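Some notes on the structure that comes next.
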Amino acid sequence: MIPISLSQAAMDVKGTLDGAGDEMVTGVVSDTRQIRGGELFVAIAGERVDGSSLAGAAFKAGAVGVLTANAKVALDSGAPVDRIISVDDPLLALGSLARESLRRARQANPSLKVVAVTGSVGKTTTKDLLASMLAIRGPIIAPPGSLNNELGLPLTVLRAGADTATLVLEMGADRIGNIEYLTSIAPPDISVVLSVARAHLGEFGGIENIAKAKAELVIGTKQGGVVILNGNDERVRAMANLTEADVYFFGVQGLPGPHAEDVRLDDSGHPKFTLVTSRGRAEVTLGLVGEHHVANALAAAAVAASFGIGPEQIAQVLANSGPVSPHRMAVSERNGVLIIDDSYNANPDSMRAGLDALESLGRDRRKIAVIGAMLELGEASDAEHAAIGDYAHKSDVDIVIAVGEHLQALVEAAKSHGIDVHETDADTALAVLSPIFQPGDVVLFKGSNGSGVWRVVEALLGEDS
């Protein structure tokens with residue numbers, strides 16, 4: 001961020017500050033462990049701990065101020081009275097702080113571009129590809145992992161300064177209005193919509209509402225900006241009617257934007273294809289595993305092409321870009337067993353993509369799927385889980401390890417096809433898996449974050465560390 005005084009921070013958030021506020025704020029954090037000196041600590045009230053009670057510790061670590069809705073608790077924890085900015089809602093105040101910080105950064109550097117990505121599947125992978133692809137423009141800011149909500153996004157925005165060339169953001173939503181709010185903080189110069197799929201069905205109440213939520217990114221694009229849409233998704237393609245921005249598509253020959261020809265997988269599951277753009281063609285071998293990543297690569301290529309980056313350079317970056325964020329189609333080997341760790345999250349479409357990768361990598365080998373529940377599907381949950389049980393059979397899965405609750409429909413469907421099914425939970429899964437695994441097996445770990453499957457694979461891979 002461009003450093004500002006504590007008093008300016010108070011003005012940015014329309015908060016109350018009882019001191020002179022001459023101290024300079026050089027960063028913003030919500031975690032005291034990230035304090036290095038000069039930061040404003042944003043005290044968020046969590047389920048277990050009210051951040052205001054950590055204000056004193058934040059100052060001892062080097063913070064210069066605290067943003068809080070509970071000044072008394074902050075004061076009692078040891079925070080100086082003249083360094084406390086009082087607000088009604090620290091999360092909304094954080095958004096205001098980020099909004100003003102980005103405005104200053106854009107004023108200081110008119111060439112700064114904000115690129116934002118949303119979609120039901122592939123946001124984080126595409127964001128990671130873009131972070132590698134657009135580094136050619138100069139200093140780049142992108143969030144680690146999946147910081148895509150009303151807390152993570154403004155904290156990422158606040159890392160951008162006068163020297164930032166590109167700010168790459170991931171925007172997530174679990175209800176209508178989320179992305180509209182995020183674009184109010186950081187209106188994108190380039191917006192990318194990847195897909196509309198059956199994630200968070202329970203919260204949204206239907207796939208059309210999911211489409212409406214994703215479309216908020218298109219509507220929130222800066223005037224004169226660029227919108228990039230998945231031409232293979234009819235709901236995404238229709239979003240072109242919602243904007244006067246220049247619109248490009250990816251994935252479909254005949255529409256403006258890049259597409260892929262002759263897509264195939266090598267023996268290691270890496271997609272190979274011919275990238276076709278308006279500036280020429282290039283042969284691509286992705287550093288990522290799984291055919292579903294072709295769409296993510298094309299989305300990143302469309303953004304790169306809009307910046308004038310040529311196909312050969314795009315192909316080189318795609319070849320050198322493996323998984324960056326954890327638990328996203330990371331392939332490794334342990335004691336002769338090939339592990340596919342795609343356990344960060346899951347919805348029906350990404351679950352099928354994971355099983356496709358298992359089928360491809362497990363050709364002529366025993367295939368094991370360690371599956372946790374797909375959460376937040378509402379009334380569609382049983383039907384969607386049963387369909388995944390059927391898809392496991394279609395993918396020639398030999399063994400299903402069902403981890404945790406809400407999987408009965410999947411278990412029954414898998415058993416009906418003769419698949420060997422074992423039921424366990426995240427705490428005991430490793431003990432169940434160990435006697436089953438044999439050298440030569442290929443194992444997929446996949447489930448919603450709340451299912452705990454990621455904990456199982458971390459424990460498994462951590463045994464050798």
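The values are calculated or read from the model by the stated rules, or taken from the named source; none is laboratory data. Small disclaimer: the values here were computed from a predicted structure and weren't measured. Methodologically, a virtual Cβ is constructed for each residue, glycine included, from the backbone with ideal geometry; neighbour enumeration extends over all protein chains shown. Side chains are part of the model used for accessible areas, which takes the heavy atoms of the whole protein and leaves out ligands, DNA and RNA. Shrake-Rupley method; radii C 1.70, N 1.55, O 1.52, S 1.80 Å.
Quick notes
- Applying the criterion of at least 2 residues that are open to solvent by 10 Å² or more (accessible area, probe 1.4 Å) and in contact (Cβ under 8 Å) with a residue 24 or more places away in the chain to the helices (runs of 4 or more DSSP H) found wholly in the stretch 33-137 leaves 55-61, 90-108, 123-133.
- Subset of the stretch 227-263 (residues that are within 12 Å of ALA295 (Cβ to Cβ) and among the acidic types (Asp, Glu)): ASP233
- Residues in the stretch 223-248 that are of a type outside the set (Gly, Ala, Ser), without any contact (Cβ under 8 Å) to a residue 40 or more places away in the chain and in contact with a helix residue (DSSP H, G or I) (Cβ under 7 Å, 6 or more places away or on another chain): VAL227, LEU229, ARG235, LEU242, THR243, VAL247.
- Exactly one residue out of ALA282, ALA302 is of a type outside the set (Asp, Glu), over 21 Å from the mean Cα position of the chain (by Cα) and at pLDDT 95 or above, and it is ALA282.
- Filter result (among the acidic types (Asp, Glu) and closer than 21 Å to MET351 by Cα) within the stretch 429-465: ASP441, GLU458
- Scan of the stretch 380-400 for residues that are among the charged types (D, E, K, R) and under 25 Å from the mean Cα position of the chain (by Cα), ordered by number: GLU384
- Among residues of the stretch 293-326, those that are part of a loop (DSSP other than H, G, I, E, B) and either more than 24 Å from VAL226 (Cα to Cα) or among the basic types (Lys, Arg) (or both), counted: 6
- Residue selected from the stretch 272-286 under the condition of a type in the set (Lys, Arg) and part of a strand (DSSP E or B), by the criterion most open to solvent (accessible area, probe 1.4 Å): ARG281
- Any helices (runs of 4 or more DSSP H) falling wholly within the stretch 379-440 and containing at least 1 residues that are more than 17 Å from ILE339 (Cα to Cα) and open to solvent by less than 20 Å² (accessible area, probe 1.4 Å): 381-394, 408-416
- In the stretch 152-164, the residues that are of a type in the set (Val, Ile, Thr) form Cβ pairs under 7 Å with partners that are in a loop (DSSP other than H, G, I, E, B), at six or more places apart or across chains, as follows: THR156/PRO143; THR156/LEU147; VAL157/ALA186; THR164/ASN109; THR164/LEU112; THR164/PRO139.
- Enumeration of residues in the stretch 1-32 that are within 21 Å of ILE141 (Cα to Cα), assigned to a loop (DSSP other than H, G, I, E, B) and open to solvent by less than 50 Å² (accessible area, probe 1.4 Å): MET1, ILE2, SER30, ASP31
- Within the stretch 145-259, helices (runs of 4 or more DSSP H) holding 3 or more residues that are open to solvent by 10 Å² or more (accessible area, probe 1.4 Å): 178-185, 201-204, 207-219, 234-237
- All positions within the stretch 324-366 that are over 19 Å from ASN296 (Cα atoms), among the small types (Gly, Ala, Ser) and open to solvent by less than 20 Å² (accessible area, probe 1.4 Å): GLY362
- Hey, ALA346 in contact (Cβ under 8 Å) with a residue 60 or more places away in the chain and part of a helix (DSSP H, G or I) or not: no
- The residue of the stretch 260-271 that is farthest from ALA315 (Cα to Cα), among those that are of a type outside the set (D, E, K, R) and open to solvent by 50 Å² or more (accessible area, probe 1.4 Å), is SER268.
- Residue count for the stretch 1-23, restricted to those that are within 21 Å of THR156 (Cβ to Cβ) and over 31 Å from the mean Cα position of the chain (by Cα): 1.
- Any chance ALA459 is buried (at least 16 other Cβ atoms within 10 Å of the Cβ), among the aliphatic types (A, V, I, L, M) and out of contact with any strand residue (DSSP E or B) (no Cβ under 6 Å at 6 or more places or on another chain): no
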